[in-house]
Amino acid sequence: MTKRSGSGVTVVRAVDATKYEYVVAWSEEDQEFVGGCVEFPSLSWLAATGEAALEGITELVSEVVADLIQSGEVVPEPLATRAYSGRFQMRVPPALHARLVREAARQGLSLNALALMKLSAP
């Protein structure tokens, strides 16, 4: 990952490309498997097998990361290595907010507990 400090100094730390989140799926349009990387949505790799698509996209991401580091650009941090606080805020329309508060009250739950229950439902 590349971080820029306030002093204008760039600190570079290597990023392991295998720690990014990869997806492989069949592409009916291309009649091949397509490999993608969540942190680099503009990149993809087509191959005859899922394994080859995964290997191809992983190598491509590794090359892109090396290029970003060499040029002093910011490298996305893998989702898997990020620290999460467990908190996020979401804006909703006032009518939905009121409806959710009423639903939580009817169930004897806090709004937070109701939201967690809804978010974690399959």
Check: Going through the range 48-122, which trypsin sites (Lys or Arg not before Pro) have at most 12 other Cβ atoms within 10 Å and a DSSP loop state?
Finding: 82, 87, 91
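If we sort 39-46, 22-29 on the protection proxy, mean other Cβ atoms within 10 Å, highest first, what's the order?
Order by mean packing, descending: 39-46, 22-29.
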Next item on the list: State which helices in the chain qualify, where a helix is a whole DSSP H run, it must extend 18 Å or more along its own axis by its Cα atoms, and its mean Kyte-Doolittle hydropathy must be at least -0.5.
Entry: 50-70, 94-107
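Shape call for the chain from the C-alpha gyration tensor, a ≥ b ≥ c root eigenvalues: rounded (a/c under 1.5), prolate (a/b greater than b/c) or oblate? Don't skip to the answer; put the middle values down first.
Values: a/c = 3.33, a/b = 1.54, b/c = 2.16.
Oblate shape, in that a/c is at least 1.5 and b/c is the bigger or equal ratio.
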Margin query: Let me check I've understood the local charge: for residue 44, count other residues with C-beta under 11 angstrom from its C-beta, Lys and Arg +1, Asp and Glu -1. What total comes out?
Written below: -2
Note to self: Using Cβ counts within 10 Å as a stand-in for footprinting exposure, how do 57, 69 rank, fewest first?
What the structure shows: 69, 57
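Note the full-extension length gain between residue 81 and residue 46 as 0.36 nm times their separation in residues minus their Cα-Cα distance, in nm to one decimal.
9.9 nm
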Check: To the nearest 0.05, what FRET efficiency results for residue 119 and residue 70 with a Förster distance of 35 Å applied to their C-beta separation?
Finding: 0.30
Check: If r is the Cβ-Cβ distance from residue 31 to residue 55 and R0 is 30 Å, what FRET efficiency results, to the nearest 0.05?
Finding: 0.95
Notebook entry, point to check: Can you give the calculated 222 nm mean residue ellipticity of the chain, where each DSSP H run of n ≥ 4 adds -39,500 (n - 2.57) and the sum is split over every residue, rounded to the nearest 500 deg cm²/dmol?
Noted result: -12000 deg cm²/dmol
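Every number in this text was worked out from the coordinates using simple rules, so none of it is lab data. None of these values were measured; they are calculated from a predicted model. Every residue, glycine as well, gets a Cβ built from its backbone with ideal geometry; the counts of neighbours run over all protein chains shown.
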